[in-house]
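See below for the structure under consideration.
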Amino acid sequence: SHTAGAWRQRGRTWARLLRGRPSWVTSAAINAFRERLALFAQAWRPQIVQFEFHVMAQYACCLRGVSCPRVLTHHEPGTPAALDKLRRKADKGVVMPLMEVAAWRRYERMILGRMDAVVVFTDRDRAAIRSIAPTVSVVTIPLGVPSSTPALDPLGSAPPSILFHGNYTHTPNVAAALRLARSIFPLVDRDRPQVTLSL
């Protein structure tokens, strides 16, 4: 039945979380890619491997027997992001979000143990990594935005508009866009009704 199938699916999800496999990591797990990467690494013998994003670091296991430095570019630690999500959903049930937090903590501890260096972009992320893996080498490369010369007018140009640009498969971007649209922009609209918002 549909209900039995839903419970089986939920059971599989819980089992993966208990094994330290966050949902996002599971969705990025592709066996064919894993097999191909292992063969490629053995044939090519890279001098360094960079993993872009924590979900891709699950493939570090494909480098067994390949002696080279491994670097992870960690765009956003998953454990604090899962904790933030848990706080936002506290009134809608906490079992699954709690399991996600525990899975992220276990997963990140595992992947960070396989890295020779980790690149982060903020001091907050550096502290989060340090709390999970105190001995891993962490390098902070701050985010930078080139400025124009002369400086742009802070009031912008006509027509007045606000643009929020982001990858909406990334949960924090969705939360930020919703907060902007529902809580912040109405205050702007009240005083400046000609301003438009584009997401």
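Principal axis extents of the Cα atoms in the range 99-139, from largest to smallest and rounded to whole angstrom, are 29, 21, 14.
Here the chain has 60 percent of its accessible surface on carbon and sulfur atoms, given a 1.4 Å probe and all protein chains in place.
With only the Cα atoms considered, the range 1-133 has a convex hull volume of 111 Å³ per residue. Over all orientations, the range 109-199 has a Cα convex hull whose mean projected area works out to 8.7 square nanometres. With the whole protein complex present, Phe33 retains an accessible surface near 90 Å², based on a 1.4 Å probe. Each Cα pair under 8 Å and six or more residues apart adds its sequence gap; the mean of these over the residue count of the range 42-155 is a relative contact order of 23 percent. Once the Cα atoms of helix 123-132 and of the chain are each reduced to a long axis, what angle between those two axes, in degrees from 0 to 90 to the nearest 10, is obtained? For 123-132 against the chain, the angle is about 30 degrees.
For the pair Asn167 and Met96, what calculated FRET efficiency results from E = 1/(1 + (r/R0)^6), where r is the Cβ-Cβ distance and R0 = 22 Å, to the nearest 0.05? Between Met96 and Asn167 the formula returns 0.45.
The peptide list 123-135, 15-27, 97-109, put in order of mean Cβ contacts within 10 Å with the highest first, becomes 97-109, 15-27, 123-135.
The values are calculated or read from the model by the stated rules, or taken from the named source; none is laboratory data. Keep in mind that what you see is a predicted model, and the values were worked out from it rather than measured. Glycine gets a Cβ as well: all are built from the backbone with ideal geometry, and neighbour counts include every protein chain shown. Ligands, DNA and RNA are excluded from the accessible area calculation, which covers all protein heavy atoms including side chains. Shrake-Rupley method; radii C 1.70, N 1.55, O 1.52, S 1.80 Å.
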